[in-house]
Amino acid sequence: MAIISVQDLVKRFNELEAVAGVSFTVDEKEIFGFLGPNGAGKSTTIKMLCTLLRPTAGRITLAGFDVAGQPDAVRRAIGLVFQDNSLDDRLTAEENLLFHGLLYGLSRAEIKQRMEEVLAMVDLADRRRDIVRTFSGGMRRRLEIARGLLHHPQVLFLDEPTVGLDPQTRSAIWQHIHRLRQEKDITIFMTTHYMDEAENCDRIAIIDHGRIQALDTPDNLKRQLGGDVVTIMTVDDSRLQQELATRYGVRVIKDEEGLRLQVDDGASFIPRVAADFRGQISSISLRRPTLDDVFLSLTGRAIREEKLSGADRMRLNRRHGRWRR
């Protein structure tokens, strides 16, 4: 059954139509990824789902409640973990949870019981009386997830849940997220700019220009691209982009990694392009399609690349090996 249903959702800001007739559903207990580049309408859609913005048109139901007509009931049914840290670092872990529980109208007895539960779930029970400013980034993120779960929401919204964290901590956070889904039957609605992280989702919706461009499982999205992905670095990417497209009749996308194109048989294509453009190619790489390629194919740009840290960029650059002459 769908726990979130979005029908013909529209949001206009004067002449700007930020969301242009979006429709989708999210099933109970699903990990649902919602991806889009800056300005695509992603944040606006999520704000409407969370009652922070009123739609211009369309209808949203969440956990059986109408988002526009029953906002208080919707807020009680959701948990929010924001991209930016929203903990009070002058308080202890349990003081942050206590304050949150009181805001949601829980009794102190309920808060105490649930606090034990959520802190154990994110492995922070032994740090409950420690000041939050002494926590690492990963510990703070886990505490924020615990806080979002304290009032027993049916849907947990995670906005970039592991941004800025090292790979080991990111992996640990995802172990907790999967355990939440299994133990609490909770629905996860998340955003991320890590495409390898999006592989954890049951389904992914990609939004651009205020419209859903694709919605399917990660495997099906990659399968739709087909073929092999060839990335070419040249002495003059701007000039060779058009020449490659004209000669081989394929779409060539220029990004920070070079010129990217898709072909049916990459193994036979590489010697051909190396011979045709002898002396103009500095490196060539070959791989199967990834979600990065799906996103780039649909939007023409890399997701949130302007927000990637130096460490994140190095991680992405190391992901694929390259042949160099």
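Here are some notes:
- With a simple spin-label model that places each label point 7 Å from the Cα along the Cα-to-Cβ direction, the separation between Asp196 and Ser23 comes to 3.8 nm.
- Residue order, fewest to most beta carbons within 10 Å, for Met115, Met1: Met1, Met115
- FRET efficiency estimate (nearest 0.05) - Cβ-Cβ, Gln182 to Ser268, R0 41 angstrom: 0.35
- Sequence ranges 157-170, 140-153, 79-92, ranked by mean other-Cβ count within 10 angstrom, highest first: 140-153, 157-170, 79-92
- Of the peptides 214-220, 48-54, 30-36, 228-234, the order by per-residue mean of other Cβ atoms within 10 Å, starting with the highest, comes out as 30-36, 228-234, 48-54, 214-220.
- Calculated FRET efficiency for the pair Arg129/Arg223, C-beta based, R₀ 41 Å, to 0.05: 0.25
- Cα centroid separation - the stretch 45-92 against the stretch 133-200, whole Å: 17 Å
- Fraction of antiparallel bridges per DSSP, the chain only, in percent to nearest 5: 70 percent
- Taking Asp72, Asp236, Asp27 as the candidate residues, the one with maximal mean-square fluctuation in a Gaussian network model of the chain, Cα springs under 10 Å, is Asp236.
- Cβ-Cβ FRET estimate between Arg278 and Leu52, R0 fixed at 51 Å, reported to 0.05: 0.35
- The chain: translational diffusion in µm²/s, Stokes-Einstein, Kirkwood Rh over Cα pairs, 4 °C, 1.567 mPa s: 60 µm²/s
- The gain in end-to-end length when the Ala245 to Phe13 segment is fully stretched comes to 79.7 nm, 0.36 nm per residue minus the alpha carbon separation.
Bear in mind that the values in this text are calculations on the coordinates, not laboratory data. This is a predicted model, so every value here is computed, not measured. Here the Cβ is made from the backbone with ideal geometry for all residues, glycine too, and neighbour counts use every protein chain on show.
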